[in-house]
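Participant: One structure, as structure tokens, below. Some questions next.
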Amino acid sequence: MESHPLGGFFLFSSLSDFSRLVKKLFFCVSMKRAYSFIIPVYNRPDEIDELLASMVSFTTAIPFEVCIIEDGSQQDCKTVVERYKDKLTINYHYKENSGPGPSRNYGMKVATGNYFIILDSDVIMPSDYLDLVEEALSINYFDCFGGADAAHDSFSNLQKAINYSMTSFLTTGGIRGKKKAVQNFEPRSFNMGISKACFEAVGGFGKIHPGEDPDLSWRIKKAGFNTGFIPGAAVFHKRRISWSKFKQQVTKFGLVRPILNTWHPESRKITFWFPTLFILGLVVSLIFLILGYWWFAALYAFYFCLLLIHATILNKSLSIGLMALWATCVQFYGYGMAFLKSFWQVRLLKKDPEQVFPHLFFK
């Protein structure tokens, strides 16, 4: 777009540039964003306490409400919520257990805002989060956005190690927080924004879990809405607090991916096979090593050394570096073998996912 010699007018390089500008100006003039945070919770009152405390520290002047959806918890957070009633605008709703996806849908139905921000209960919010979101959407509007996650200084070494394995370029390619992926990003439900119009058009989350967020992202795109990534709008994500829970989580991630690829063939990527190929290659390298061929194992040794050095320097701790090394192995094994199992059952044998993996679906 170039300035015209006659001040106040512009020449547009294409009709599409003009169309995008008109659309953006129309949105800014015709609609003021009113934010509602949607937070489902199940038996985690302590996490809600930390999350609400961090939201009290928001520096923003932008009004917002917080919708807490208690998903049939035995340990509810109602008492915790009451302590923040005079500090935050909070709507608390208790419902029968139905899983995180339907609980988020419930929250968006009862919320009063016209732009929803969905969070997991195990996150802590930076004080400038909402200002960064508003600024980004004012410049480049998304019907649905995603943000990155990071480890807070107060997190345990285990949480920091798992965060590294889930977000590092050396392990996942940085796909959960990649600045280059601003357009066509698949938002994740631990830090996800969606307009009310978009939610009403696509019907919200499905009944699969995990995997309900990439499924929603693809349905949003197919409906003609746009998704994107806001680099600065990160949250501090605690993730799993034990090795067994982490392995269970990444195993489920591996199981759902072939299912999602079946539902949305355009989402298939060769990179989804990398953890499986990594584990199979590691086994082959050990067999070769026993037979006297060390070069294949040397490649794996180099990668593990690189990973250890990078994680140690990034976290300023050798202990975290060693734990990050193990977390990466757990992640690759759990995801890779589960992906292979699901691919065999769902893609090759053409079995019904709900019949083969009923624990991934809420009724």
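A quick yes/no check of all residues on (1) modelled with pLDDT under 90; (2) in a helix (DSSP H, G or I):
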residue	(1), (2)
Lys180	yes, yes
Gly193	no, no
Ala197	no, yes
Asp213	no, yes
Trp218	no, yes
Gly232	yes, no
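Participant: Limited to region 36-70, what total is found for residues that are crowded, with 22+ Cβ neighbours inside 10 Å and not in a helix (DSSP H, G or I)?
Facilitator: 11
Participant: Still on this structure: Of the residues Ser285, Ser319, Ser342, which is touching a residue at least 12 places away in the same chain (Cβ under 8 Å), over 16 Å from Leu170 (Cβ atoms) and either surrounded by fewer than 16 Cβ atoms within 10 Å (Cβ to Cβ) or assigned by TED's automatic domain parsing to the domain that holds Asp153 (or both)?
Facilitator: Within the list Ser285, Ser319, Ser342, the selection yields Ser319.
Participant: All but one of (1) surrounded by fewer than 18 Cβ atoms within 10 Å (Cβ to Cβ); (2) assigned by TED's automatic domain parsing to the domain that holds Leu137 hold for Ile270; which doesn't?
Facilitator: The number of the failed condition is (2).
Participant: Answer with yes or no whether Ile279 is at pLDDT 95 or above, touching a Phe, Trp or Tyr at 6+ places or on another chain (Cβ under 6 Å) and more than 17 Å from Ala161 (Cα to Cα).
Facilitator: Details: at pLDDT 95 or above: yes; touching a Phe, Trp or Tyr at 6+ places or on another chain (Cβ under 6 Å): yes; more than 17 Å from Ala161 (Cα to Cα): yes.
Yes, satisfied.
The values are calculated or read from the model by the stated rules, or taken from the named source; none is laboratory data. Computed from a predicted model, the values in this text were never measured in an experiment. A quick note on method: Cβ atoms are made from the backbone with ideal geometry, for glycine too, and the neighbour counts reach across all protein chains shown.
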